[in-house]
1. Name the residues in the range 82-140 that are of a type in the set (A, V, I, L, M, F, W, C) and either over 20 Å from the mean Cα position of the chain (by Cα) or assigned to a strand (DSSP E or B) (or both), would you?
2. Taking ARG242 as the residue in question, decide whether it is surrounded by 17 or more Cβ atoms within 10 Å (Cβ to Cβ), touching a residue at least 12 places away in the same chain (Cβ under 8 Å) and not hydrophobic (A, V, I, L, M, F, W, C).
3. Of the residues that sit in the range 186-215 and are more than 27 Å from TYR114 (Cα to Cα) and part of a strand (DSSP E or B), which one is most open to solvent (accessible area, probe 1.4 Å)?
4. Looking at (1) without any contact (Cβ under 8 Å) to a residue 12 or more places away in the chain; (2) outside any loop (DSSP other than H, G, I, E, B), which one does ARG162 not meet, given that it meets all the others?
5. List every residue pair whose Cβ atoms lie under 6 Å apart, where the two residues are 6 or more positions apart in sequence or sit on different chains, the first residue falls within the range 126-149 and is within 12 Å of TYR189 (Cα to Cα), and the second residue, located anywhere, is open to solvent by less than 20 Å² (accessible area, probe 1.4 Å) and among the aromatic types (Phe, Trp, Tyr).
6. How many of the residues in the range 258-302 are of a type in the set (Lys, Arg), open to solvent by 40 Å² or more (accessible area, probe 1.4 Å) and closer than 25 Å to PRO221 by Cβ?
7. Based on this model, can you work out whether ALA226 counts as part of a strand (DSSP E or B), under 30 Å from PHE24 (Cα atoms), out of contact with any Gly (no Cβ under 8 Å at 6 or more places or on another chain) and open to solvent by less than 20 Å² (accessible area, probe 1.4 Å)?
8. Taking the range 282-327 as the search range and keeping residues that are hydroxyl-bearing (Ser, Thr, Tyr) and at pLDDT 95 or above, which one is nearest to LYS214 (Cα to Cα)?
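The values are calculated or read from the model by the stated rules, or taken from the named source; none is laboratory data. Since the model is a prediction, treat every value here as computed from it, not as a measurement. Cβ: placed from backbone, ideal geometry, glycine included. Neighbour counts: every protein chain shown. Surface accessibility is based on the protein's heavy atoms, side chains included, excluding ligands, DNA and RNA. Shrake-Rupley method; radii C 1.70, N 1.55, O 1.52, S 1.80 Å.
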Amino acid sequence: MNYIVLDLEWNQSPHGKEGTIEHFPFEIIEIGAVKLDETFCEIGEFHRLISPVAYPQLHFKISEVTQLDMRLLRQNGIPFKEAAYQFLEWCGNDFIFVTWGSMDLTELQRNMVYSHMPIPFKKPLLYYDLQKLYSLLYDDGNDKLSLDQAVEALAITFDEDRPFHHALDDAFYTGQVMAKMDFKKVSEYVSTDYYRLPQTEQEQIYLTFPAYTKFVSREFPTKEEAMADKRVNEVICCLCRRTLRKKIRWFSANSKLYLCLALCPEHGFVRGKIRIKKAESGNIFAIRTTKIVDVSAANLIAEKREEYRKRRTEKNKHKRQSKKSRTEE
C-alpha cells in the first residue's frame with residue numbers, strides 16, 4: 001500500500017460572505033501530492049494548477065500567501081474536473097491519504113460535487129491527519145503545530161527553492177515529516193472525513209484506538225433527537241466493550257459539547273464526550289468518544305457538572321423573576 005500525501009491551495013470570495021456560493025466556500029486552485037511507498041520513500045509527484053471559474057478574482061490574502069496570481073492560473077491552469085481525474089488516476093488503487101490538517105479531503109470532495117463528479121472514495125473515508133499524529137507523538141494530542149514548525153523541530157532541511165504554501169512543496173515537506181517521525185507508534189490513529197456522513201444506523205462509524213474509542217452517528221434533524229438516540233448516548237468501555245451504567249448522566253458543557261461519567265467494574269472510570277456538529281445538509285450529527293480516566297479526571301467532570309447545575313439554577317431563577325416582574329406591571 002502507498003501513501004498519497006496531499007496538499008491543496010484554494011481561493012475564496014474576496015467579498016466575504018455576500019459573495020460566497022452556498023455549500024462552496026473554497027475553490028481549489030492548486031493540487032500537489034507526493035506518493036510514498038511503505039518505507040516512506042518518495043516514488044512519485046503530482047502537481048496541477050487549476051483555472052478557477054467560481055471565484056474569478058483572487059482573495060488578496062490567498063495571493064499573498066501562495067504567491068499565485070490570476071494571470072498565472074489562467075495561463076497554466078486546467079479545469080478542476082480534468083485535474084481531479086488525472087490526480088485520481090495517478091493515485092492508483094491501493095493507497096491511503098495523508099494530509100496536514102483535516103480540511104483537504106473535505107474540500108476535495110466538495111469541489112468534486114460542485115463540478116458534478118462522482119466521489120470514488122469508500123465510506124467512511126479514512127486517512128492520516130499527520131498534524132494530529134505529530135501532536136499525539138510529541139505533545140498532548142491537542143496542540144496543532146504548523147507544518148513549518150514541525151519541519152524546524154525535526155531538523156528537516158528547508159530548501160529555499162521549495163517554499164511553504166505551495167501545494168507540491170507542502171506535500172513534499174509533509175512526506176519528509178512522516179518519514180522522520182516515529183510514525184508506526186501512532187499509525188493506529190486513523191482519522192475519518194465528515195463530508196459524507198452515515199445516513200442509516202448500519203452505516204454509523206465505530207473506531208477503536210489504543211487509548212479511546214470514537215463513534216460517528218448518522219444525521220439527525222435536531223440536537224435533541226440525536227441526544228435521545230440510544231446508540232448516541234450509550235457509554236461502552238473502550239477496553240472490554242461492556243455497556244456501562246452512568247454515574248453522571250450526559251450534561252451540556254456548552255451548546256455543542258456534552259459530558260458524562262460511567263464506571264466499568266473492571267477498568268474504572270470512563271469519560272464520555274459528545275460533540276454536536278453541523279452536516280453539509282443542514283442536519284446535525286454527533287461524534288462520541290469514550291476514554292478511561294483516573295480519579296482526578298473523574299472528579300473534574302463532577303465539578304463541571306456541579307457548575308452546570310448552578311448556572312442552570314441561576315438562569316431559571318432569573319427567568320422566574322423576570323416573569324414575575326412582567327406580571328406585576
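1. Start the filter on the range 82-140 by keeping residues that are of a type in the set (A, V, I, L, M, F, W, C), which leaves 83-84, 87-88, 90-91, 95-98, 100, 103, 105, 108, 112-113, 117, 119, 121, 125-126, 130, 133, 136-137.
Selection gives ALA83, ALA84, PHE87, LEU88, TRP90, CYS91, PHE95, ILE96, PHE97, VAL98, MET117, LEU126.
2. On the way: surrounded by 17 or more Cβ atoms within 10 Å (Cβ to Cβ): no; touching a residue at least 12 places away in the same chain (Cβ under 8 Å): yes; not hydrophobic (A, V, I, L, M, F, W, C): yes.
Answer is no for this residue.
3. Here the answer is TYR206.
4. The single condition ARG162 does not satisfy is (2).
5. Correct list of pairs: TYR127/PHE97.
6. If we filter the range 258-302 for residues that are of a type in the set (Lys, Arg), which is where we start, we get 271, 273, 275, 277-278, 288, 291.
If we keep only those that are open to solvent by 40 Å² or more (accessible area, probe 1.4 Å) as well, we get 271, 273, 275, 277-278, 291.
Adding the requirement that they be closer than 25 Å to PRO221 by Cβ leaves 273, 275, 277-278.
Selection size over the range 258-302: 4.
7. Values: part of a strand (DSSP E or B): no; under 30 Å from PHE24 (Cα atoms): yes; out of contact with any Gly (no Cβ under 8 Å at 6 or more places or on another chain): yes; open to solvent by less than 20 Å² (accessible area, probe 1.4 Å): yes.
The answer is no for ALA226.
8. Going through the range 282-327, the residues hydroxyl-bearing (Ser, Thr, Tyr) turn out to be 289-290, 296, 308, 313, 322, 325, 327.
Narrowing the set further to residues that are at pLDDT 95 or above leaves 289-290, 296.
Numbers: THR289: 5, THR290: 7, SER296: 23 Å.
So, considering only residues that are hydroxyl-bearing (Ser, Thr, Tyr) and at pLDDT 95 or above, the one nearest to LYS214 (Cα to Cα) is THR289.
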